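Data first, discussion second: the structure below is written as structure tokens.
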Amino acid sequence: MSTSPSPHLPALQGDTVGSLIASGTQLLQAAGVAFGHGTTNAFDEAAWLVLWRLGLPLDAPLGDDIDSVQNQAVTPAGQALVATLFAERITTRKPAAYLTREAWLQGVSFYVDERAIVPRSLIAELIGNGDFDDWLGEHTQQVLDLCTGNASLAVLAALAWPEVQVTGADICPDALAVARINVDRHHLQERITLQQSDGLDHLPGPWDLIICNPPYVNASSMAALPDEYRAEPVLALAGGSDGMNFIRHLLHAAPAHMTENAILVLEIGNEREFFEASFPQLPVFWLETSAGEDQVLLVTCDALSRFLSS
Ligand SMILES: C[S@@+](CC[C@H](N)C(=O)[O-])C[C@H]1O[C@@H](n2cnc3c(N)ncnc32)[C@H](O)[C@@H]1O
């Protein structure tokens with residue numbers, strides 16, 4: 001069967017899972033869609049869309065899934081459903097997760113829709129790998145996930161550290177509605193409290209650990225974002241002219257909301273240059289992630305206090 005989503009695009013071809021994925025890969029490449037919301041390339045994205053649309057399992061590494069279903073026949077009705085999904089992905093440019101209503105981070109499933117960004121924070125892998133556990137201890141009881149959005153980091157923190165209480169805070173009621181779905185999905189109502197707050201305004205703490213993936217994209221990068229990122233809430237991404245608007249407020253307010261041995265783990269994406277221009281004397285530790293050594297930093301309450309009083 002050959003089903004074309006638009007007169008301007010090649011048709012999706014195939015009557016098996018494998019051939020639909022191969023054809024879908026070509027279609028996504030030809031359409032020039034952007035990746036970065038759970039996949040990094042056309043093949044993985046095509047596999048995700050085909051498997052999800054056909055109701056086939058997605059919860060193992062994609063390669064294993066595909067090997068076992070590669071030659072499985074797909075009915076003409078199934079082919080049409082897959083073609084419609086690819087057409088939607090290409091014409092709307094929405095990230096796949098907004099179409100499937102699900103994203104995965106560290107092997108954990110999260111509900112997503114357009115009210116919150118698609119989970120992809122690098123802090124997730126640091127939590128999963130225990131990369132800043134040496135800074136934690138029995139004193140770590142109250143954890144704040146500031147800018148919680150979809151609550152993915154709050155959920156991963158609660159799962160990683162069974163003894164802690166987590167608060168997920170966000171300024172946006174729509175994002176908090178998505179957060180609520182994810183807290184309920186993982187049955188963490190007793191461990192995670194959700195709170196609306198502009199920065200730390202309604203979050204007196206004191207906190208033993210603050211994790212934060214804030215809006216940090218600078219204005220010129222915002223202007224160049226692919227449509228897939230424009231499908232996400234601007235409030236979640238835009239950080240002002242140098243990306244530091246939210247971060248400047250946060251670093252000045254944070255020590256008054258932290259316990260003596262507390263730390264702040266902060267994602268800043270590609271904005272290290274702007275960060276160092278804003279805080280040249282602040283001693284921070286850069287935490288290595290799959291995206292490199294300068295996208296997430298750790299700063300102690302002590303260092304922040306000294307910096308503010310100098
Ligand atoms: C980059 S998203 C992070 C979402 C989630 N933590 C994640 O990593 O997927 C940033 C979040 O910050 C929220 N936000 C923006 N300005 C804020 C503010 N002044 N106070 C609190 N939250 C804010 C946005 O609504 C958005 O949900």
Inset, instruction - Could you compute the FRET efficiency for D184 and E88, with r as their C-beta to C-beta distance and R0 at 22 Å, rounded to 0.05? - result: 0.20
Legend entry - the range 115-309: proportion of alpha-carbon pairs further apart than 25 angstrom, %: 30
Legend entry - Between helix 42-53 and the chain: long-axis angle, C-alpha atoms, 0 to 90°, nearest 10: 80
Inset, instruction - Could you check how much of the accessible area of the range 91-185 is carbon and sulfur, as a whole percent, using a 1.4 Å probe? - result: 48
Inset, instruction - Return a whole-number percent for the relative contact order of the chain, with Cα pairs under 8 Å and 6 or more residues apart as the contact set. - result: 13
Inset, instruction - Could you point to the residue in I171, L225, Q13 farthest towards the positive end of the chain's charge dipole, with +1 and -1 charges on the Cβ of Lys/Arg and Asp/Glu respectively? - result: Q13
Inset, instruction - Specify the residue with the greatest mean-square fluctuation among V50, V108, V178, computed from a Gaussian network of the chain linking alpha-carbon atoms under 10 Å apart. - result: V108
Inset, instruction - Out of all DSSP beta bridges with both ends in the chain, state the antiparallel percent to the nearest 5. - result: 45
Legend entry - Label-point separation, T259 to L308 (7 Å along Cα→Cβ), nm: 1.8
Legend entry - Coil-residue GluC sites (Glu not before Pro) of the range 66-140, DSSP, other Cβ within 10 Å capped at 12: E138
Inset, instruction - Report the full-extension gain for the segment F285 to L159: residue separation times 0.36 nm, less the Cα-Cα distance, to one decimal in nm. - result: 42.9 nm
Inset, instruction - Provide Rg and Dmax in Å for the range 146-210, with only Cα atoms included in the calculation. - result: 10.8, 29
Inset, instruction - Over the chain, average the accessible area per residue using a 1.4 Å probe and give it in Å², no decimals. - result: 44
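The values are calculated or read from the model by the stated rules, or taken from the named source; none is laboratory data. This one's a predicted model, so the numbers in the text were calculated from it and none came from an experiment. Heads up, the Cβs are rebuilt from the backbone with ideal geometry, glycines too, and the neighbour counts pull from every protein chain shown. Accessible surface areas use protein heavy atoms only, side chains included; no ligands, DNA or RNA. Shrake-Rupley method; radii C 1.70, N 1.55, O 1.52, S 1.80 Å.
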